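Input: a single structure, listed below in structure tokens.
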Amino acid sequence: MSDRLPGALTGRGARIVFLAAALCLPPFYLDAFWLRVGLFSMAAAIGAVGLALLTGTAGQLSLGHAFFLATGAYGYTWLAGEPGPGLPPALAALLAVLLAGAAGGLFSPVAARVKGIYLGIATLALVFLGHHVLLTADSVTGGFNGRSVPPFTLGGFTFGAGDPELTLLGVPFGAEERLWFLGLALFAFTWFTARGLLRGRPGRALAALRDSETAAAVMGVDVARHRSAAFVVSSMYAGLAGVLLALSFRRVVPDYFSLVLSVDYLAMIVIGGLGSVAGATAGAVFVTALPLLMTRYADQLPLVAAPGSGDGSIGPTEAARYLYGAAIVLVLLYAPDGLHGLARRARDRVRRRRPRAPATDPALSPSQPAATARSKEHTP
């Protein structure tokens, strides 16, 4: 075991440790804007991973992802807030994720019987129904104006703006700095659980369903049960993303959880690569960060007007949608496996071009005498 430990530390394990350490550094060096971009990207990545499991791996089209995001966000806000039960935030977050999974479970019989474009159209009803409930259930959702989100606390520590003030290494830790580590922990949990699911028997069963339901059934896969389970798991990931989004925005409003948000998540997994956790993460960062960056640097970009200018030019949000719409077309035409596929092919190309050390015959190694290069046969 001691012989394997150095190899693990210098290989994949070392890369994971280095990446984890690098992701812990931004709160000490970046300002609040960049931390907000990172928080929104991590929340989007969690939801995109759930949709990638459902659409990319199981082959089920869903346009109702925004409904489950809203369930997680409003579920946490109501359960931890006033008016509401006022539960401890950690318990409220867990129950909000379970509530999103329960909502997915209620819809799973439809997902078990309908597939393809018909399932996508059926999930549209969830978005419209959810938006109507968010606007009319004022006592729970706050109506059109929404509700303020209670800060997340765990063990007496507040992940958000609050007392007592915290300073680490001379850096004051406000809401964004504190939430960064919470979002990082939730994203790491999502990453490892989703990769474990894909590499295990459930992932292979879902991939078989995507390729051929008939062949999967012949191999013993329970088609209806696995399709329903995929919808429930995807809904729970979306609920977790909704909780982190609510904490990052600090206020939830119904108009954010519209059909446009569901389309954005479809764009994430298409651009990043269907059925890939890393691809869903890359697509989520691209789609989420692009409009924020264009808004910040609108005055320095050609053909893009600053927000609220009202001169008829293209705003940063619209320009960002045009750009990642063009990215979707380019991906579908030239890289159907998305950014993840491009990165994998580039990595393989670099490995093929890397010079290899010439193979040497250990039997003719200079370190061994010539007499021992070949064992002598026994003669009677």
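The Rg/Rh ratio of region 154-270, with Rg taken over Cα atoms and Rh as the Kirkwood radius over Cα pairs, comes to 1.12. Measuring how big the chain is from its alpha-carbon positions, Rg and Dmax come out at 25.1, 103 Å. In the full protein context, region 160-289 carries 43 Å² of accessible surface per residue, based on a 1.4 Å probe and ignoring ligands, DNA and RNA.
Here the dipole of the chain is about 1740 debye; that uses its Cα centre as origin and unit charges on the Cβ of Lys and Arg (positive) and Asp and Glu (negative).
In this structure the amide hydrogen of T153, modeled in the peptide plane, comes within under 5 Å of the amide hydrogens of A90, F159, none closer than 5 places in sequence on its chain. Of the peptides 131-142, 223-234, the ranking by mean beta-carbon count within 10 Å, highest at the top, reads 223-234, 131-142. On the accessible surface of the chain, probed at 1.4 Å, how many percent belong to carbon and sulfur atoms? So the carbon and sulfur contribution to the accessible surface is 66 percent.
Highest-first packing order for the peptide set 78-87, 13-22, 325-334, 339-348 is 78-87, 339-348, 325-334, 13-22, based on the mean count of other beta carbon atoms within 10 Å. Our estimate of slack between V223 and A335, defined as 0.36 nm per intervening residue step minus the Cα-Cα distance, is 37.3 nm.
Under the simplified labelling scheme, the A32-T295 pair shows an inter-label distance of 1.4 nm, with each label point 7 Å from Cα along Cα→Cβ.
Between S139 and Y322, the modelled label-to-label distance comes to 4.8 nm, taking each label 7 Å out from Cα in the direction of the beta carbon. In terms of the mean number of neighbouring beta-carbon atoms within 10 Å, the peptides 185-198, 99-112 order highest first as 99-112, 185-198. Within the shell of other residues whose beta carbon sits under 14 angstrom from the beta carbon of S108, the net charge comes to +3, with Lys and Arg scored +1 and Asp and Glu -1.
The values are calculated or read from the model by the stated rules, or taken from the named source; none is laboratory data. All of these numbers come straight from a predicted model, not from anything done at the bench. A quick note on method: Cβ atoms are made from the backbone with ideal geometry, for glycine too, and the neighbour counts reach across all protein chains shown. For accessibility, only protein heavy atoms count, side chains too; no ligands or nucleic acids. Shrake-Rupley method; radii C 1.70, N 1.55, O 1.52, S 1.80 Å.
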